[in-house]
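Accompanying notes for the structure given below.
Please treat every number below as a calculation from the coordinates, not as lab data. As the structure is a prediction and not an experimental result, all values here were calculated from the model. Virtual Cβ from ideal backbone geometry, glycine too; neighbours counted across all protein chains shown.
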Amino acid sequence: MSQRNKLLVTAGLLGVAAFAGVLVVTEPPGPALSPDSASYLGSAEALARHGSLRIPFADWSDADSTSKLAHFAPGFPLAVAASAALGAPPAQGARFIEAVSALLSVGTLVALVGTEAGLAAGALAGGLFIAAPATLENHLIALSEPMFFVFLALTLATMLRVPDRPLLMGAAAAAATLTRYAGVALPGACAVWAFAQASSLRTRLTRASLAFAPVVAGMAIWTAWAGSAREFGYRPGIVAALPEGARTLAGWLVPLELPDGWRGALAVVVAAGAVALAVASFRLGRHRVMGAALTLVAACYLAVVVLSRLFADEGIRFDSRTLSPVLGLSMVGAASALSGAWGGLRPMWRGVAAAGFGLWLAGSAILTVNEARDVMTYGWGFESSDWQGTPLQRWLTGDGTGHPLFTNNPATLYFLAHRPSRFVPEDDASIAAFGAVLARSGGVLVGFADPLERTVPPDTLARRLGLVLLARFPNGVVWGPPPPERSLGGEVGEVDPSPARRAHDAVAAASRW
């Protein structure tokens, strides 16, 4: 068998292993569901049923209980909607898409690294990617990261294999951006890469423009429909968020259950070893182009994440989900660097390097297997027994049916009641008007300990508006409007008392909980 065929077989086998692993870990009732999953799956379901990407929640004052998808990019919902149109439930469609994404991303990375650095390096890169706990975490939840990895791998492949095809590079990078907004780092990297290719200044500028053109066109079309995804302005608190990033990197470099101090110290040693390998590979003239491409993409991505945290969204965390593209690029770089430096290392250092990679693979694999076992046994997120089949869910799908829902966490209600809901007010000035809307609609207020956004606390709303406690559960509390005689309708206009009376009468039905 030729070396090329061996590489293709290796890439295929590792890709299929990743595909099967995702399907096994996310078997029903999986995949896991997070708050962000509600926007992805809800908008996909809306597109498949009603022809529009709309998320299942809106502001308290909106007439419609759904709103346009804008906070997240449309790529993943579009893919889920395609599967839903074929009859697959949104969550199971997402599960299959993520499994296919694992196959494509692992297969592409193995083939790419194997072509550039040799079969052993390609196989090692695939093994590192599969074994990493961060990879499992991103593939067991219904999120866009697995699909983003595919376009990240394809962008790298075009940068390294066809650098003279800027439109092709830009198309892959634009697809990444339309899957995750942080992917805008990739068109930027492609433009720099296209400009760096040897040629005249005019040709370089033309290539850079062509590399960036697809994302400009794609985002222009998307924002023309969805509107602005963020309001920009300085967001304080980034310094307080940096320790989480340091813990994330330390946990990846040292996949062992250790106190933070010990793990941090070992992480410095591991990082120093990785840098030494990269330097040795560079000095030997091995895989310099791949190293440059990986460094450029990682630097652009980190710059976008930091700038986004500073000026776009204070909710961005430097956790394994956010930093996973950098971790994936680092694994590819580590495999390439080991291959490049291997021939120049003394036998003792070869043994140290081999032992280090072996221990990392073993530690990561143990953590990944244990986490997969826990997920398969107990579930994770909103598909777990902590939420599904609970008294709160039974109330929402029983006595709560027919009442509009207002809450500080609409994503939770979507997964429990499979209904749209509205946010409660963000400031005290809107409380009186909100009370009138709640009474007029006959709605109920459902409060959770973990809000999706910063809002007036539900218990504060209930106290200020004189709401009636309808039901209290371990994971949520339900209030209804006051009886008609205590209605706040006079503050903003007359209110039809009958809906409020119906909500108030639900107390008796709810009391059994």
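Each principal axis of the Cα cloud of segment 321-417 was taken in turn, and the coordinate range along them, longest first, works out to 73, 25, 14 Å. Counted by Cβ distance under 12 Å from ASP64, the other residues give a net charge of +1, where Lys and Arg count +1 and Asp and Glu count -1.
Can you work out the FRET efficiency for the pair VAL24 and SER200, with r the C-beta to C-beta distance and R0 = 45 Å, to the nearest 0.05?
Values: r = 53 Å, r/R0 = 1.19.
That gives a FRET efficiency of 0.25.
Please report the net charge: other residues with Cβ closer than 13 Å to the Cβ of ARG309, K and R +1, D and E -1.
Numbers: positive: ARG230, ARG235, ARG317; negative: GLU244, ASP313, GLU314, ASP319.
Counting the neighbours of ARG309, the net charge comes to -1.
Label positions at LEU86 and LEU307, each projected 7 Å from the Cα along the C-beta direction, are separated by 3.8 nm.
The three principal axes of the C-alpha atoms in the chain carry coordinate ranges of 86, 52, 46 Å, sorted with the longest axis first. For the pair segment 149-173 / segment 59-102, the C-alpha centres are spaced 26 Å from each other. Label positions at ALA299 and TRP349, each projected 7 Å from the Cα along the C-beta direction, are separated by 2.4 nm.
If R0 is 60 Å, the Cβ-Cβ spacing of ARG4 and ASP59 corresponds to a FRET efficiency of close to 0.60.
Expected output is a single nm value to one decimal: the length gained when fully extending between ALA120 and ASN370, i.e. 0.36 nm times separation in residues minus the C-alpha distance. What is it? Each step should come with its number before you reach the end.
Numbers: separation 250, 0.36 × 250 = 90.00 nm, distance 2.72 nm.
Stretched out fully, the ALA120 to ASN370 stretch lengthens by 87.3 nm.
Each stretch of four or more DSSP H residues adds -39500 (n - 2.57); spread over every residue of the chain, this sum gives -21500 deg cm²/dmol at 222 nm. Relative to the longest principal axis of the Cα atoms of the chain, helix 119-131 runs at roughly 20 degrees.
Measuring between their Cα centroids, segment 232-266 and segment 412-474 lie 35 Å from each other. The simple Förster model, with R0 at 22 Å and r as the Cβ-Cβ distance, assigns ARG463 and TYR234 a FRET efficiency of 0.05.
When you restrict to C-alpha pairs under 8 Å that are six or more residues apart and normalise by the size of the chain, the relative contact order lands at 15 percent.
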